[in-house]
4 protein chains.
Amino acid sequence: MIIVMKPEAADHDVDHLVERLRELGLKAQVTKGEERTVVGVIGDDRLLHDQPLSVFPGVESVTPILAPWKLVSREFQKHDTVIDVNGVKIGGKKITIMAGPCAVEKLELTVGIAKEVSAAGASILRGGAYKPRTSPYSFQGLGQEGLDYLVEARKQTGMPVVSEILDARDIGHFLEKADIIQIGARNMQNFELLKEVGDYDKPVLLKRGLSATVKELLLSAEYILSRGNRNVMLCERGIRTYETLYRNTLDLTAVPALKEMSHLPVIVDPSHATGKWNLVAPMAKAAIAAGADGLLIEVHSDPEFALCDGEESIKPSRFKDLMANLKKVAEAVDREL
Amino acid sequence: MIIVMKPEAADHDVDHLVERLRELGLKAQVTKGEERTVVGVIGDDRLLHDQPLSVFPGVESVTPILAPWKLVSREFQKHDTVIDVNGVKIGGKKITIMAGPCAVEKLELTVGIAKEVSAAGASILRGGAYKPRTSPYSFQGLGQEGLDYLVEARKQTGMPVVSEILDARDIGHFLEKADIIQIGARNMQNFELLKEVGDYDKPVLLKRGLSATVKELLLSAEYILSRGNRNVMLCERGIRTYETLYRNTLDLTAVPALKEMSHLPVIVDPSHATGKWNLVAPMAKAAIAAGADGLLIEVHSDPEFALCDGEESIKPSRFKDLMANLKKVAEAVDREL
Amino acid sequence: MIIVMKPEAADHDVDHLVERLRELGLKAQVTKGEERTVVGVIGDDRLLHDQPLSVFPGVESVTPILAPWKLVSREFQKHDTVIDVNGVKIGGKKITIMAGPCAVEKLELTVGIAKEVSAAGASILRGGAYKPRTSPYSFQGLGQEGLDYLVEARKQTGMPVVSEILDARDIGHFLEKADIIQIGARNMQNFELLKEVGDYDKPVLLKRGLSATVKELLLSAEYILSRGNRNVMLCERGIRTYETLYRNTLDLTAVPALKEMSHLPVIVDPSHATGKWNLVAPMAKAAIAAGADGLLIEVHSDPEFALCDGEESIKPSRFKDLMANLKKVAEAVDREL
Amino acid sequence: MIIVMKPEAADHDVDHLVERLRELGLKAQVTKGEERTVVGVIGDDRLLHDQPLSVFPGVESVTPILAPWKLVSREFQKHDTVIDVNGVKIGGKKITIMAGPCAVEKLELTVGIAKEVSAAGASILRGGAYKPRTSPYSFQGLGQEGLDYLVEARKQTGMPVVSEILDARDIGHFLEKADIIQIGARNMQNFELLKEVGDYDKPVLLKRGLSATVKELLLSAEYILSRGNRNVMLCERGIRTYETLYRNTLDLTAVPALKEMSHLPVIVDPSHATGKWNLVAPMAKAAIAAGADGLLIEVHSDPEFALCDGEESIKPSRFKDLMANLKKVAEAVDREL
């Protein structure tokens, strides 16, 4: 922690601050520059995380040196985390494709799409049973029944399933029926839900919030790891900016940045990010080129009648073509599909 | 709903779309312009909210005409909603000041601050018992014990209390002990929590999400009203922008915009918005000048030792001065304090 | 300047860095903490502004201590700058109202509006002769002829005039005909134009760029002051955010922040910020409550036929009412109108 | 143009609006829905671009149907524009790599870097002679002398050169010495400069503004094309968002979106976008995968001593490796390098 004093700060302001640091068990090193006095704090400055040092008299600014997270960092674990989901390995050389409908709607439709994406090479089935919808008048998902349809699709295809949890009270259903629990963008800072999924070892797909920084995403992951669950994958799904031509702005720079800072696998969701089916293919390719470990892609056999996000869903035939193209890009960056 | 067709759209594309609209019970009016064909939908276009019309062949854009909310709108209710919280009326001519510490820490401290803000003219006591913190290593609040301290402070001062709920499983404690339940910015789109508080008539203070639009805030309020709870107040608390000099960018334009679109009271939180105590006073004055019905202000008797957000807390003596100044501004815009 | 080394940085990385700092005439103080080594730079760290220190081996982060500006700061000049524009003093106790049409269109219309706003209490006439328009097919302004109309309006009313310059090649016309030269938001970082107006002592109204930070606004002002022109006023006119309900997000927190950091007068433009005439009045009041030294307000006697920004222009009769209300708010915060 | 009336709009409000549209030579079609009356405007609604229709009594919202640009659109020209710069073709199957130092500093250094990037496969030399710098105290470029160094580098390598213009008064030097004139992000809406470069047929590289929308970028290009110059390439270089971990957020979704809407070549600048040399390579690959027609990459043989943007410059040896990797990605998406 580096504390810069105001030019008009008095000696007793500096002394008062140093005294407080000592009380907290930290050593302070005071340097008097020409225009400013600077106080460096030696010791674990995570102790200062909750201290409002900037309100101390004479303090101009406070700059932390250490990142506020630990378990998610490359410093803590150098090698990549590889998560094993019923035999599907996420985070290794092979890129994982998770595909399926936005929302689970009907049993036959779900199983049908599952078979098609599986045949095309996807290894995880995605599908929302509980849907977070901006309007109370929109389709809210089938709930438990939706989870059951996913279980049936898994039975028929062998694909593990990922589905989003909205409420900690549903944790039992997800532990029983889902293979990966998704925490959606709107719940990235629903800390009670993070704590809940942190108490089990069921793999978690944690999506970046609509306006969350990369650092906040890492801190939310730290919530889960600090409770004991190390099976966390991070997901970039577009952030909110002033640009309204597409639903969100896919922040692919976050992919290499996250890979550098953290050992956790990084997944990209080009479907929700763009909100337009014709932009999904180029951004899926770009995500792999940028270093993503996996993709989440919405596939629907009849987008015109999809109950949710039909605009961004691609048809199974297009998905098959896309897989062929993604394979080429993966190989160009020394990965496999 | 106005649907604009692409220049190359064929007649059968238009027919296909019109047919689908008829199936949904809506009438379509087709207008062929020089460069584009436009399809107007007559009837309640809220029926179309979940229909992915933009994926129909030949469709270029889809523009809704009606707002997707109803109960929160001025069209539904012309007069201002006034919420009675144990005798304190929120939303009328008198501006309501809610003040207190960011987090409830100790009983005596809480009661002491309550007495001071009450003496200075505040009419609601604020205090967080459950705290949403970005880092798992930060102070997470006292939980139920914190609520009990607020109850004691209410007993000694007569002030109703507002406190934030984080988890639907705690609803019982809040119904019993709080007078206003706060839904924080991070939970504005925690739809399960919105539904939960919507099932009672306990007043709710709903904060705008970090990157929520004004329209999304209204839709989240609609979730609560549509379950039966009409006692909702909206709160502008700063949005996330590229500017990093202060914690958030207080969007005061939202105040008159919300007042025009909705009948619900609008509260402003200058403390969380700015994150700096010296900016709280000017923004509190500006909020009242812009038409706010109330303010949420953090007050702490010893900000240097506050366990949460000490940077933005003002001392009771400053709060007293601020109240005198706010009174003058309130009168200048024909309100009372 | 505080330079934090990576945990894996070697001693020779630190030595290499310290050597480079010495070459630049600066002293370095090295502190070895438990997890990181920190290098403090003593001396004027503005010397380092152009040095890419973060590319040196082993460097993790570089944090400047001193602000990169000087002349615009409160440290350089404690008292408020008051600019005298033909007898109208901007930056003192009296709040300056600048009003007039968005674009200068016709002579009679311009003179008519000037008389009305003058009668209502405005002291500066605003009007665009050269218009920066997003589309090449929009009305681009009358150019020199427009400036002549402003000169005529000044002659008949005695009001000094402010108008926007777009091109350094027009400087001669502005020096001759305008009393304040406006640099618009789109030109806040047109550094050649800043240098040009910096070479004279004609007052300059510098608008904040659409996505400029407060610090960048100060640096652009520093460009002008560093060339010799000290007569600069800063203008907050709304920033670009994700919110699209109004044209821009008026960032009123910038007003007290700028007043704290700089001695220059701060003007607010609620008309361009909101883009809607019915939001102008509440935000004008809020701006004064937040501490603005002046306002820029668009007034047009026939908004339905305005060639530019009719949506945000208010009629002279409304402007008169607004002035009466602003006077009350000004007095409530110990200012005059 | 679709105009939606307020629910309370009277018949005479509709008549008044229709009358005004007729005066402008447009036909109006009025549709009375259950909750709103809608007025459709038939004819070229570009005529309405400057009409403030939303201020007419009873009008709730105004939605344009036609895009406000024409010459840049795919509707105007179906085939891709290919620009020939001294034999280097930009916009065809082959991806164009433009590389070189951020700023031109010394003759030998410039020629040396030019030879290295040419040998590695770059086909255009980039280098800034006039530099737009946030601070007046930063290195501002060598000006004309810098252009001369670029001319010398071109002479020795045969590579065409691209350099940024800041001031319309320098147009003569650029016409004489540069092969492509760059309009930087800060000048994307410097409309006088756009008009100036529009009057010649010298190729222009137009960078997207820091917070410009894709639509605004197209309108700025339209400025240039509408003056006669059809040799325009668009450049995505990162936009400003709330994320501060990297300098800007590279918006790669803009690449396929621009390619769909416009026939102009699209270039990506991963160096300025990320501001960090180690993020340049992954984002360069991602840009090609997303469909970019070319890249702008900063290369410097001694980043520690670069006078500008050393943080984001890569060394010639890394550039050589990068080119080999880019070639593989280009082939994976059926392009050549």
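Quick notes
Residue by residue, here is whether (1) assigned to a helix (DSSP H, G or I); (2) over 19 Å from B:ALA287 (Cβ atoms); (3) not hydrophobic (A, V, I, L, M, F, W, C) holds:
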site	(1), (2), (3)
B:ILE181	no, yes, no
B:LEU219	yes, yes, no
B:CYS235	no, no, no
B:THR241	no, no, yes
B:LEU264	no, no, no
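- Checking each residue of region A:2-21 against the condition of being in contact with a strand residue (DSSP E or B) (Cβ under 6 Å, 6 or more places away or on another chain), modelled with pLDDT under 85 and either within 19 Å of C:ILE2 (Cα to Cα) or surrounded by 15 or more Cβ atoms within 10 Å (Cβ to Cβ) (or both) gives at least one match.
- Test set (1) in the same structural domain as A:ARG126 (by TED's automatic domain parsing); (2) touching a helix residue (DSSP H, G or I) at 6+ places or on another chain (Cβ under 7 Å) - A:LEU337 fails condition number: (1)
- C:GLU108 being surrounded by fewer than 19 Cβ atoms within 10 Å (Cβ to Cβ), assigned by TED's automatic domain parsing to the domain that holds C:LYS215 and not small (Gly, Ala, Ser): yes
- Test: residue in region D:228-248 that is on the phi > 0 side of the Ramachandran plot, surrounded by fewer than 24 Cβ atoms within 10 Å (Cβ to Cβ) and small (Gly, Ala, Ser): yes
- Within region C:268-286, residues that are closer than 16 Å to C:CYS308 by Cβ have Cβ atoms under 7 Å from residues that are assigned to a strand (DSSP E or B) and not hydroxyl-bearing (Ser, Thr, Tyr) in these pairs: C:ASP269/C:CYS235; C:ASP269/C:LEU296; C:SER271/C:LEU296; C:SER271/C:ILE297; C:SER271/C:GLU298; C:TRP277/C:ILE314; C:VAL280/C:ILE297; C:VAL280/C:ILE314, counting only partners at least 6 apart in sequence or on another chain.
- If only residues of region D:285-309 that are within 14 Å of chain C (Cβ to nearest Cβ) and surrounded by 24 or more Cβ atoms within 10 Å (Cβ to Cβ) are counted, the one that is farthest from A:ASP293 (Cα to Cα) is D:ALA306.
- In region C:208-226, the residues that are more than 7 Å from every other protein chain (Cβ to nearest Cβ) form Cβ pairs under 7 Å with partners that are outside any helix (DSSP H, G or I) and of a type in the set (Asp, Glu), at six or more places apart or across chains, as follows: C:ARG208/C:GLU236.
- Selection status of B:ILE171, touching a residue at least 24 places away in the same chain (Cβ under 8 Å), within 12 Å of chain A (Cβ to nearest Cβ) and crowded, with 24+ Cβ neighbours inside 10 Å: no
- Contact annotation: residue pairs with Cβ atoms under 6 Å, 6 or more positions apart or on different chains, pairing a residue in region C:308-337 that is at negative phi with a partner that is in a strand (DSSP E or B) and small (Gly, Ala, Ser), are C:CYS308/C:ALA103.
- Filter pass, B:ALA212 being surrounded by 23 or more Cβ atoms within 10 Å (Cβ to Cβ), of a type in the set (Gly, Ala, Ser), assigned by TED's automatic domain parsing to the domain that holds B:LEU296 and touching a Leu at 6+ places or on another chain (Cβ under 6 Å): no
- Scanning region A:13-34 for residues that are among the charged types (D, E, K, R), within 14 Å of A:GLY58 (Cβ to Cβ) and free of Cβ contacts under 8 Å to residues at least 40 places away in the same chain yields a total of 4.
So that you can scan it fast, the table gives a plain yes or no per residue for (1) in contact with a Gly (Cβ under 7 Å, 6 or more places away or on another chain); (2) modelled with pLDDT of 95 or more:
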{"site": "D:SER271", "(1), (2)": "no, yes"}
{"site": "D:VAL280", "(1), (2)": "no, yes"}
{"site": "D:GLU304", "(1), (2)": "yes, no"}
{"site": "D:PHE319", "(1), (2)": "no, yes"}
{"site": "D:MET323", "(1), (2)": "yes, yes"}
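- Condition check for C:LEU225: at pLDDT 95 or above and touching a Phe, Trp or Tyr at 6+ places or on another chain (Cβ under 7 Å): no
- Number of residues in region A:22-80 that are closer than 22 Å to A:PRO7 by Cβ and not in a loop (DSSP other than H, G, I, E, B): the value is 18.
- Any hit, region B:296-309, residues being in contact with a Cys (Cβ under 7 Å, 6 or more places away or on another chain), within 15 Å of B:LEU217 (Cβ to Cβ) and hydrophobic (A, V, I, L, M, F, W, C): no
- Output for region A:105-140, where each listed residue is under 24 Å from A:LEU322 (Cβ atoms), in a loop (DSSP other than H, G, I, E, B) and within 14 Å of chain B (Cβ to nearest Cβ): A:GLU105
- Some residue of region B:249-260 being modelled with pLDDT of 95 or more and either away from every other protein chain (no Cβ under 11 Å) or at positive phi (or both): no
Condition check ((1) over 30 Å from B:ARG237 (Cβ atoms); (2) modelled with pLDDT under 95; (3) of a type in the set (Lys, Arg)) across all residues:
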{"site": "C:HIS173", "(1), (2), (3)": "yes, no, no"}
{"site": "C:VAL204", "(1), (2), (3)": "yes, no, no"}
{"site": "C:LYS215", "(1), (2), (3)": "no, no, yes"}
{"site": "C:VAL268", "(1), (2), (3)": "no, no, no"}
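- Candidates B:VAL151, B:VAL72: the one that is within 14 Å of chain A (Cβ to nearest Cβ) and at pLDDT 95 or above is B:VAL72.
- Scanning region D:3-21 for residues that are outside any helix (DSSP H, G or I) and either touching a helix residue (DSSP H, G or I) at 6+ places or on another chain (Cβ under 7 Å) or within 14 Å of chain B (Cβ to nearest Cβ) (or both) gives D:ILE3, D:VAL4, D:MET5, D:LYS6, D:PRO7, D:GLU8, D:ALA9.
- Close contacts from region A:74-88, counting a first residue that is surrounded by 12 or more Cβ atoms within 10 Å (Cβ to Cβ) and a second that is hydroxyl-bearing (Ser, Thr, Tyr) and at pLDDT 95 or above, with Cβ to Cβ under 6 Å and a gap of 6+ residues or different chains, come to A:VAL88/A:SER123.
- Residue within region C:270-284 that is assigned to a loop (DSSP other than H, G, I, E, B), more than 9 Å from chain D (Cβ to nearest Cβ), touching a helix residue (DSSP H, G or I) at 6+ places or on another chain (Cβ under 9 Å) and within 30 Å of B:ASP293 (Cα to Cα) present: yes
The values are calculated or read from the model by the stated rules, or taken from the named source; none is laboratory data. Keep in mind that this is a model prediction, so the values were computed, not measured. When we count neighbours, we look across all protein chains shown, and the Cβ atoms used for this are built from the backbone with ideal geometry, even at glycine.
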